[in-house]
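What follows draws every value from the coordinates through simple rules; no lab data is involved. Not measured: the values here are computed from a predicted model. Here the Cβ is made from the backbone with ideal geometry for all residues, glycine too, and neighbour counts use every protein chain on show.
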């Protein structure tokens, strides 16, 4: 089997595009992951925290030990922007950057309907509040005010 010079250059060009795309978006996803982690630490002011990376640049799972709430669990996942081949499928399936928090609190917080809140639930028996939020890359201050308002911080 032989390949023409044009075919070889096309494959080489496509490979170069995929590599450049991947490295650019890996860096951008890592910036977002760091910013969200810093935002959560700034809001919760933990005494101790433990992070588990998910697949390199997919996101993180975290447990924060706080004086106010006790152990707070967080899961942050990003859209797979670094994978140009998978990204269109993720967008069609409605994937978004999202943050999920599990916070032990004694009374149910007031959650006003918002386009940023994907789900919210309170378990009276266990005293746990669950919230799933959309994270918008260019508007983390909106996420911060949503969390401060919801958790009354």
Those residues of segment 128-153 whose amide nitrogen sits under 11 Å from the label point placed on residue 68, 7 Å along Cα→Cβ: 147-153
Shape call, segment 1-116: gyration tensor on alpha carbons, a/c limit 1.5: prolate
Folded to 0 to 90 degrees: helix 140-151 orientation relative to the chain principal axis, Cα: 30 degrees
Difference of contour (0.36 nm per residue) and Cα-Cα distance, residue 105 to residue 90: 2.0 nm
Sequence of 123, 116 once ranked by neighbouring C-beta atoms within 10 Å, starting from the fewest: 123, 116
Rounded tilt (10° steps) of 5-44 against the dominant C-alpha axis of the chain: 10 degrees
Shape category assigned to segment 64-137 from the gyration tensor of Cα positions, a/c cut at 1.5: prolate
Burial ordering of 79, 151, fewest other beta-carbon atoms within 10 Å first: 151, 79
Helix-only CD estimate at 222 nm, as mean residue ellipticity for the chain, using -39500 (n - 2.57) per DSSP H run (n ≥ 4): -13000 deg cm²/dmol
